[in-house]
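Notes follow the structure.
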Amino acid sequence: MSQEMQNAKTAVVIGSGFGGLSLAIRLQSAGIATTLVEKRDKFGGRAYVYEQDGFTFDAGPTVITDPTCLQELFALSGRKLENYVELMPVSPFYQLRWEDGATFDYVNDQAELERQIAAFCPADVDGYRRFRSYSERLLEEGYVKLGHVPFPDFRSMVRVAPQLVALQSYRSVYSKVSQYVSDEHLRQAFSFHSLLVGGNPFATSSIYALIHALERRWGVWFPRGGTGALINKGLVQLFKDLGGEVTLSTSVSRIETANGRVSAVVAEDGRRFAADIVASNADVVHTYRDLLKDEPLARPTAQSLMRKRFSMSLFVIYFGLRREHPELKHHIILFGRRYRELINEIFKGPALPEDFSLYLHAPSVTDPSLAPQGCSTYYVLSPVPHLAAAPIDWSVEGPRYRDRILDYLEARILPGLKSDLATCRIFTPQDFNTELNAHLGSAFSLEPILTQSAYFRAHNADDKIKGLYLVGAGTHPGAGIPGVVGSAKATARVILEDQRELAEAQ
């Protein structure tokens, strides 16, 4: 252990999502003996894996958009990602389909993109070029420079405010996209990305328009064996190779503190994991309200977080078919008949909308090994209100909603779906709440609006409790794989700085 690390003998990371795993790898690589504690029987958090009737289903994130942030985790110890997991390019990035029959293949070829844009509106080609330039500037300022930098105090926010104002980050994603293109199909095509990180395109800061440039720069990828292979064969194996300790099926009941400092993580079965450092990759409200319920210093933060706006939830159907559909693209967005009105109802409720827009994931198009021979595997998700926005009894509504969505898919894109159906399961907002401890069943934690960005999100290091840190979607920079991996980098930076200061003081 290095000299500056000798005062930090142990660290415990709660939760094994992309953020928790990335932070655990960084701490272990830095010489801090780290234990990863996971509630469920498999690693991954939202990136869980279901195996059912011979089919493999990635439960959550499926779009890898910045391989470099993952490669960096392996490079910390002189290793290479490609020696653990193969990433395969996906093209088109997405296929977009509208109910009027229009389609758009979102590819990384500039000439082909412009040809498709011109088919919708010739005048929007120049507008798209200007939008891409704007998105590139956002990428540099909002992701490359700030995506892994902690915002510990208000002064840190003030320092970057001029750049954010100059980029008009106070405007919404949809508003900025509309400044560049006039066709409504194209406005939707270049604004829907914020939904992938829990943001309403009509309310989310335009800084999230950087996702377009991020995809254009680094591409869209899919791991051979699925996202679960990236988790288990990649990040978990790397952590073990570094000497990290892991424990599954271990539900944490509380974070123990003494004199304003963390001292241990205590499991529901009574096991106690002593620690100088505790980092929570669990839901931020769950962390402060439940795991720190005995610590008075945590109550103001818990109350503050519960007053914030949370992202929508998701209704997910995982299903396998007894036939292949090679004509499909890997990632498909099916826009419904409404856009603005539907999104407004998804984020504000008060009920489940009658119509829906869907994301269909067809991974066996890229990797046939995820389904039995001659079969194909899918998941389809529908953004829905969280539990407070629409008090729905999902034990009753879930099967009905599943059938509505499957009927829609059969009529629109998967003929014969019901007769070909081999296996099926659902995951509802209530499951997000109970399985993942997600506050209100939110799928992406805090909603990414400007007043809940950077300093205004949960902080990477707690302001009052020494040795307590956070990582994941509720912290800066937010949800999505690049976001939570960036969060881990920011949190690791704060932890290592704190340890150096502690060593110098002693």
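The values are calculated or read from the model by the stated rules, or taken from the named source; none is laboratory data. Keep in mind that what you see is a predicted model, and the values were worked out from it rather than measured. Because the Cβ atoms are built from the backbone with ideal geometry, glycine has one as well, and the counts that use them run over all protein chains shown.
List, please: which pairs have Cβ atoms under 6 Å, are six or more places apart or on different chains, and start with a residue in the range 203-231 that is at positive phi and end with one that is basic (K, R)?
Correct list of pairs: empty, since none qualify.
Output the residue which, of all residues in the range 124-157 that are touching a helix residue (DSSP H, G or I) at 6+ places or on another chain (Cβ under 8 Å) and among the aliphatic types (A, V, I, L, M), is surrounded by the most Cβ atoms within 10 Å (Cβ to Cβ).
By that ranking, first place goes to L138.
For the range 238-252, give me each residue that is surrounded by 16 or more Cβ atoms within 10 Å (Cβ to Cβ) and not β-branched (V, I, T). Steps first, answer last, please.
At the first step, the residues of the range 238-252 found to be surrounded by 16 or more Cβ atoms within 10 Å (Cβ to Cβ) are 238-239, 242, 244-246, 250, 252.
Matches in the range 238-252: L238, F239, L242, G244, E245.
Residues that are out of contact with any Lys or Arg (no Cβ under 8 Å at 6 or more places or on another chain), surrounded by fewer than 19 Cβ atoms within 10 Å (Cβ to Cβ) and part of a loop (DSSP other than H, G, I, E, B): does the range 414-423 have at least one?
Yes, the conditions are met somewhere in the range 414-423.
Hey, which of the strands (runs of 3 or more DSSP E) in the range 85-166, taking only ones fully inside, have at least 2 residues that are of a type in the set (A, V, I, L, M)?
87-89
If a residue must be more than 22 Å from S313 (Cβ to Cβ) and touching a Phe, Trp or Tyr at 6+ places or on another chain (Cβ under 9 Å), how many such residues does the range 48-66 contain? Even if it seems obvious, please write down each step before you answer.
The initial filter retains those residues of the range 48-66 that are more than 22 Å from S313 (Cβ to Cβ), namely 51-56, 64-66.
Subsequent filtering for residues that are touching a Phe, Trp or Tyr at 6+ places or on another chain (Cβ under 9 Å) retains 51-52, 55-56, 64-66.
So the answer is 7.
So for the range 254-276 (the condition being out of contact with any Gly (no Cβ under 7 Å at 6 or more places or on another chain), crowded, with 18+ Cβ neighbours inside 10 Å and of a type outside the set (A, V, I, L, M, F, W, C)), does at least one residue qualify?
Within the range 254-276, one or more residues are out of contact with any Gly (no Cβ under 7 Å at 6 or more places or on another chain), crowded, with 18+ Cβ neighbours inside 10 Å and of a type outside the set (A, V, I, L, M, F, W, C).
Do we find that H185 is farther than 16 Å from I449 by Cα, in a loop (DSSP other than H, G, I, E, B) and assigned by TED's automatic domain parsing to the domain that holds Y128 in this structure? Write out each step before concluding.
Working: farther than 16 Å from I449 by Cα: yes; in a loop (DSSP other than H, G, I, E, B): no; assigned by TED's automatic domain parsing to the domain that holds Y128: yes.
Answer is no for this residue.
Tally time: how many residues in the range 460-489 are under 28 Å from N259 (Cα atoms), among the small types (G, A, S) and buried (at least 24 other Cβ atoms within 10 Å of the Cβ)?
4
With respect to the numbered conditions (1) under 27 Å from Y48 (Cα atoms); (2) not in a loop (DSSP other than H, G, I, E, B); (3) not assigned by TED's automatic domain parsing to the domain that holds T377, which one is the sole condition not fulfilled by G243?
With respect to (1) under 27 Å from Y48 (Cα atoms); (2) not in a loop (DSSP other than H, G, I, E, B); (3) not assigned by TED's automatic domain parsing to the domain that holds T377, G243 is out only on (2).
Out of (1) touching a residue at least 40 places away in the same chain (Cβ under 8 Å); (2) more than 25 Å from R187 (Cβ to Cβ); (3) not in a strand (DSSP E or B), what's the single condition that is false for P326?
Result: P326 passes all but (1).
Y318 fails exactly one of the following numbered conditions: (1) hydroxyl-bearing (S, T, Y); (2) in a helix (DSSP H, G or I); (3) surrounded by fewer than 24 Cβ atoms within 10 Å (Cβ to Cβ). What is the number of that condition?
(2)
Please work out if S364 is polar (S, T, N, Q), crowded, with 21+ Cβ neighbours inside 10 Å, modelled with pLDDT of 95 or more and in contact with a Cys (Cβ under 9 Å, 6 or more places away or on another chain). Let's see the steps before the verdict.
On the way: polar (S, T, N, Q): yes; crowded, with 21+ Cβ neighbours inside 10 Å: yes; modelled with pLDDT of 95 or more: yes; in contact with a Cys (Cβ under 9 Å, 6 or more places away or on another chain): yes.
Yes.
Only one residue in Y401, Y379 is aromatic (F, W, Y), out of contact with any Cys (no Cβ under 7 Å at 6 or more places or on another chain), crowded, with 16+ Cβ neighbours inside 10 Å and in a helix (DSSP H, G or I). Which one? Don't jump to the end; show me each part of the working.
Numbers: Y379 fails: in a helix (DSSP H, G or I).
Step by step, each of Y401, Y379 is checked, and only Y401 is aromatic (F, W, Y), out of contact with any Cys (no Cβ under 7 Å at 6 or more places or on another chain), crowded, with 16+ Cβ neighbours inside 10 Å and in a helix (DSSP H, G or I).
Collect the residues in the range 355-376 that are closer than 25 Å to R338 by Cα and in a loop (DSSP other than H, G, I, E, B), keeping them in residue-number order.
The initial filter retains those residues of the range 355-376 that are closer than 25 Å to R338 by Cα, namely 355-362.
Once the filter is applied, which keeps residues that are closer than 25 Å to R338 by Cα and in a loop (DSSP other than H, G, I, E, B), the range 355-376 yields D355, F356, S357, A362.
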